[in-house]
Amino acid sequence: PWLHTAGEIARLKAALTPKGIRLKPTARNLIDKAWGRQRPPPPSAPVVPQPVEFTGKSATEKIADLQKQLKADGQSAVVLTLPDSLCWLLNIRGGDVEHNPVALCFAIVPVSGKAELNIETAKIGRDAKAHLAAVAKILPKAKLGERIAALKAQGKRVRIDVDTAAHWFAAAIGPASLTKGADPCILPKAIKTGAEIEGARGAHVRDGVAVARY
């Protein structure tokens with residue numbers, strides 16, 4: 001359930017059910033089981049704040065815009081699962097994925113109030129904690145299931161992007177509470193601020209110099 005999106009599973013079920021084939025979720029990732037004790041530890045790079053001088057927009061402003069959209073759509077909360085969306089929204093960066101400045105984490109953003117960032121807390125140092133204090137509650141990653149269950153129990157309308165979120169989220173939220181919708185960070189993330197445009201141009205200049213020197 002963690003390795004397939006909710007949308008992928010829905011499409012597979014539609015194709016396989018008429019053939020009498022059922023999909024059964026495994027309780028544990030079989031690849032992890034094959035690794036056994038030889039499995040490398042998960043990445044745990046520190047989270048660093050991304051200054052507003054580089055983003056052009058504060059995390060407070062971005063979350064406020066997202067919450068306006070949730071309110072307009074009649075949704076209680078959204079679960080964000082894409083690392084790049086989370087890092088953009090909260091103006092943070094990480095190093096958990098090689099060549100990508102992202103932190104592996106999840107977030108629940110309610111229609112009002114602070115976001116909930118589910119992450120390995122060892123990644124959050126003093127600077128990152130101070131940066132996030134105004135916009136997010138930091139919770140251990142192990143609490144994610146508990147928080148999702150609480151939303152379901154309260155009868156909240158919870159939005160997930162079924163084309164990017166793991167099937168686990170759809171199963172945990174349940175059909176009564178699940179609301180399908182695109183990740184609300186994708187479109188605004190694509191609309192660059194003046195600071196981001198300037199940063200992109202500067203990066204191309206530095207990259208061009210490196211290529212020319214090579």
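Please go through region 114-132 and give me each residue that is among the small types (G, A, S) and open to solvent by 70 Å² or more (accessible area, probe 1.4 Å), ordered by number.
Within region 114-132, the first condition is being among the small types (G, A, S), and the residues that meet it are 115, 122, 125, 128, 130.
Passing the criteria: A122, A130.
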### Among (1) in contact with a helix residue (DSSP H, G or I) (Cβ under 8 Å, 6 or more places away or on another chain); (2) crowded, with 17+ Cβ neighbours inside 10 Å; (3) of a type outside the set (D, E, K, R), the one test that Q75 misses
(1)
### Task
For region 125-152, enumerate the residues that are out of contact with any helix residue (DSSP H, G or I) (no Cβ under 7 Å at 6 or more places or on another chain), touching a residue at least 24 places away in the same chain (Cβ under 8 Å) and under 18 Å from S85 (Cα atoms).
A128, H131, K141, L144
### Query
Which residues, counting only those in region 153-173, are at pLDDT 95 or above and not hydrophobic (A, V, I, L, M, F, W, C)?
R157, R159, D161, D163, T164, H167
### Selection from region 135-150 of residues that are more than 10 Å from A172 (Cα to Cα), open to solvent by less than 20 Å² (accessible area, probe 1.4 Å) and in a helix (DSSP H, G or I)
L144
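A quick yes/no check of all residues on (1) touching a helix residue (DSSP H, G or I) at 6+ places or on another chain (Cβ under 9 Å); (2) of a type in the set (A, V, I, L, M):
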| site | (1), (2) |
| --- | --- |
| A34 | no, yes |
| R37 | no, no |
| P46 | yes, no |
| A59 | yes, yes |
| D65 | yes, no |
| K68 | no, no |
### Task
Evaluate region 43-61: report whether one residue or more is open to solvent by less than 70 Å² (accessible area, probe 1.4 Å), under 30 Å from G155 (Cβ atoms), modelled with pLDDT of 95 or more and among the basic types (K, R).
no
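Could you count how many residues in region 97-110 are hydrophobic (A, V, I, L, M, F, W, C), surrounded by fewer than 20 Cβ atoms within 10 Å (Cβ to Cβ) and in a loop (DSSP other than H, G, I, E, B)? Can you show your working first?
Taking region 97-110 as the starting set, the residues that turn out to be hydrophobic (A, V, I, L, M, F, W, C) are 97, 102-109.
Okay, now just the ones that are also surrounded by fewer than 20 Cβ atoms within 10 Å (Cβ to Cβ), so 97, 104.
Filter once more, keeping what is in a loop (DSSP other than H, G, I, E, B): 104.
The total comes to 1.
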### Task
Can you confirm whether region 80-96 contains a residue that is outside any helix (DSSP H, G or I), in contact with a Phe, Trp or Tyr (Cβ under 8 Å, 6 or more places away or on another chain), closer than 25 Å to G145 by Cβ and of a type in the set (S, T, Y)?
yes
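The values are calculated or read from the model by the stated rules, or taken from the named source; none is laboratory data. Please read all numbers here as calculations on a predicted model, not as lab measurements. Positions of Cβ are backbone-derived with ideal geometry, glycine not excepted, and every protein chain shown enters the neighbour counts. What goes into the accessible areas is simple: the full protein's heavy atoms, side chains included, and nothing from ligands, DNA or RNA. Shrake-Rupley method; radii C 1.70, N 1.55, O 1.52, S 1.80 Å.
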